[in-house]
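A.B. asks: So that we are looking at the same thing, I have put the structure below in structure tokens.
None of the figures in this text is laboratory data; all of them are computed from the coordinates on show. As the structure is a prediction and not an experimental result, all values here were calculated from the model. Note that each Cβ is placed from the backbone with ideal geometry, even for glycine, and that neighbours are counted across all protein chains shown.
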Amino acid sequence: MTIRRFVAAVGVVIVVVLAGLLVVKLRVAKAPTQSTGKMVTTFEECVAEGNAVMESYPRQCRSVAGQNFTEDIGNILEKMELVRLTAPLPNAVIESPLTVTGEARGTWFFEASFPVVLVDGDGAIIATGIAQADGEWMTEDFVPFTATVTFTRPAYGDRGSLLLRKDNPSGLPEHDDALEIPIRFQPL
């Protein structure tokens, strides 16, 4: 084989590979989504369309159109130095009775407890409970807690929020604080 034939053969292979890559890229660019072709506007819709979900926290989904959607996890990252939730985690599907566990700084408690509130998708309170310290609460360290909340599932909607409120016996708004995470109700 001469050098000219070798160079020509390599050139043909390169052209074929580049043409194949161009065809694949054009097909991906024209596909609006991977399944139904509808426009996505939320993280959940992006995932439902079969788009890639990045392994980050919070998770992110990138649509074929190049849009990024971030999963709503409430303010759990902002409050992690005050209160840490073990269960339920953000966007968990819950049913009654709900057991809430985690750990909070002793300053989150008053008389070894703090309020837990469950609201529906409109923000209406559907249940309340009390988290009890499972250890010595008169500390600035983290103290384990447990709460049980019994509720009736809302008649409509499958979303709500769980709020772990810092106990505030003074009633002064400057001492209010809460961890809020989104939850989903068990389907009817």
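A.B. asks: With a point put 7 Å past each Cα toward its Cβ, work out how far T139 is from R184 in nm, to one decimal.
C.D. replies: 3.7 nm
A.B. asks: Hey, can you grab everything whose amide H is under 5 Å from the amide H of I126? Only 5+ residues off in sequence or another chain; H modelled, so Pro and N-termini drop out.
C.D. replies: Counting only residues 5 or more places away or on other chains, the set is L118, V119, D120.
A.B. asks: List the residues whose amide H sits under 5 Å from the amide H of I183, counting only those 5 or more places along or on another chain, with H placed 1.01 Å from N in the peptide plane.
C.D. replies: Long-range HN contacts for I183: N91, G160, S161, L162.
A.B. asks: Inverting the mean 1/r over all pairs of different Cα atoms, compute the Kirkwood radius of segment 91-186 and quote it in Å.
C.D. replies: 13.8 Å
A.B. asks: Report ³J(HN,Hα) in whole Hz for each residue of segment 136-152, in order, from the Karplus equation J = 6.51 cos²θ - 1.76 cosθ + 1.60 where θ = phi - 60°; Gly and Pro get x.
C.D. replies: Couplings: 5, 9, 7, 8, 9, 7, 6, 10, x, 9, 9, 9, 10, 10, 9, 8, 9 Hz.
A.B. asks: Further question on the same structure: Would you kindly derive the ³J(HN,Hα) couplings of segment 41-49 from the backbone phi angles with the Karplus curve 6.51 cos²θ - 1.76 cosθ + 1.60 (θ = phi - 60°), listing them in order in whole Hz, with x for Gly and Pro?
C.D. replies: 10, 9, 4, 4, 5, 4, 5, 4, 7
A.B. asks: Spelling out what I want: for every residue of segment 168-177, take phi, set θ = phi - 60°, compute 6.51 cos²θ - 1.76 cosθ + 1.60 (Karplus), and round to whole Hz; glycine and proline get x.
C.D. replies: So the J values, rounded to whole Hz, are 9, x, 6, x, 6, x, 5, 9, 6, 6.
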